1. Just wondering, is there one or more residues in region 35-57 that are among the aromatic types (F, W, Y), surrounded by 14 or more Cβ atoms within 10 Å (Cβ to Cβ) and touching a helix residue (DSSP H, G or I) at 6+ places or on another chain (Cβ under 6 Å)?
2. Please work out which residue is nearest to V355 (Cα to Cα), limiting yourself to region 244-259 and to residues that are among the polar types (S, T, N, Q) and assigned to a strand (DSSP E or B).
3. State which residue is farthest from the chain's Cα centre (by Cα) when the search covers only region 260-287 and only residues that are assigned to a strand (DSSP E or B) and among the polar types (S, T, N, Q).
4. If I go through region 241-252 residue by residue, how many of them are in contact with a Lys or Arg (Cβ under 9 Å, 6 or more places away or on another chain) and either loosely packed, with under 14 Cβ neighbours inside 10 Å or among the hydroxyl-bearing types (S, T, Y) (or both)?
5. Taking G290, is it in contact with a Phe, Trp or Tyr (Cβ under 6 Å, 6 or more places away or on another chain) and in a loop (DSSP other than H, G, I, E, B)?
6. Hey, among the residues in region 34-54 that are outside any helix (DSSP H, G or I) and closer than 17 Å to G220 by Cβ, which one's nearest to the chain's Cα centre (by Cα)?
7. Restricting to region 116-170, count the residues that are crowded, with 19+ Cβ neighbours inside 10 Å, hydroxyl-bearing (S, T, Y) and either in a loop (DSSP other than H, G, I, E, B) or not assigned by TED's automatic domain parsing to the domain that holds E105 (or both).
8. Quick check on my filter: what residues within region 264-296 are at pLDDT 90 or above and surrounded by fewer than 20 Cβ atoms within 10 Å (Cβ to Cβ)?
Amino acid sequence: MDIKLSNLTKIFKDSKGRETRAVDHFDTLIPNGKLIGLLGPSGCGKSTTLYMIAGLLTPTEGRIFFGDDDVTDLTPEKRGIGLVFQNYALYPHMTVRQNIMFPLENLKIEKEEAKIMTEDMARLVGIHELLDRKPAQLSGGQQQRVAIARALVKKPKVLLLDEPLSNLDARLRLQTREEIKRIQKETGITTIFVTHDQEEAMSISDEIVVMNFGLEQQKGEPQVVYDQPNNQFVAKFLGTPPIGLFNGTVKGNKLYIGESAILTNKILEKTQGEVIVGIRPEGYTPSESGALEISYSFIESIGRDISLVSNHPESLTPSFRLIVADTIKVTPNSMKFNVKKEKCFVFNKDNGERVL
């Protein structure tokens, strides 16, 4: 089932009447059967959006549609959603079996049928052997699976996940996100996954929606968004190590950083003057005749690669890293690089929009 958000807005007011616009005329379509990641920094409006979809918050403006049905004014229990919170929210005095069965009891499902549904769901999420334990006897990852099973057992139309992995250690995060992807594929349920962790979102999402200040910045398949950012915010937010940003100039059809012409493109003729240049860490090719010469302050090993941290204040805005092959010999003062065109982006200096 598709989920459509139309002109969705949420404004909070404090005790003095001051307004905070958490979500600002947000429009997007969540395709049927897909796992969509709402991704952005803290305070960007992603959790507020999720809670409006769930019915826990009432929109200030806009409508929410599940398929053709307008659910904006429906209570959470009438929307057919399953919601998994960051803190699991399991009942500590109940067993795993009782926690999973609880929503079915509220729906007045016959006990024997509810028992079968509970055991089937426990098998799906891989906790069937833990049904008689209590939450305190489980690991964090196991507790999260119980929470997911409880959300799914009532066969909701939509599954909503609010930062479900943030309380897990690194190894469990990796394992559990793979499980979430598997479960979503097996059930085919439309799923919205809220996170500020870009690696998490890009690894399991069919599409990501990058948000900032309550607005959609870009939506698309993770790799496409990474390779073709719409603006400087998206380019900066996605990528580890982060993208390098330079002050640049366009003259004619050439792009300059300092005195170095690093790129030629006819499209640049429409954009003259000062710009911001973004180059992905993997976008540099060391070359003795390279167009761009950069000083470095130290070398940092990243896996099998070497990262050079820039120390060239005349031509650079914040320090950034260059990823080069681990066989490169670094000279004492600076290195020359050619720049890969597909990893180089040009942004309008005033509004941050991408122009190349």
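The values are calculated or read from the model by the stated rules, or taken from the named source; none is laboratory data. Bear in mind that the values here come from a model prediction, so they are computed numbers and not experimental data. All Cβ positions, glycine included, derive from the backbone under ideal geometry; neighbour counts span all protein chains shown.
1. Looking through region 35-57, none of the residues is among the aromatic types (F, W, Y), surrounded by 14 or more Cβ atoms within 10 Å (Cβ to Cβ) and touching a helix residue (DSSP H, G or I) at 6+ places or on another chain (Cβ under 6 Å).
2. Among those residues, the one meeting the criterion is T249.
3. Of everything passing the filter in region 260-287, S260 is farthest from the chain's Cα centre (by Cα).
4. 0
5. Against the criterion (in contact with a Phe, Trp or Tyr (Cβ under 6 Å, 6 or more places away or on another chain) and in a loop (DSSP other than H, G, I, E, B)), G290 qualifies.
6. Restricting to residues being outside any helix (DSSP H, G or I) and closer than 17 Å to G220 by Cβ, the top hit is L39.
7. 0
8. T264, N265, K266, I267, L268, E269, K270, T271, Q272, G273, E274
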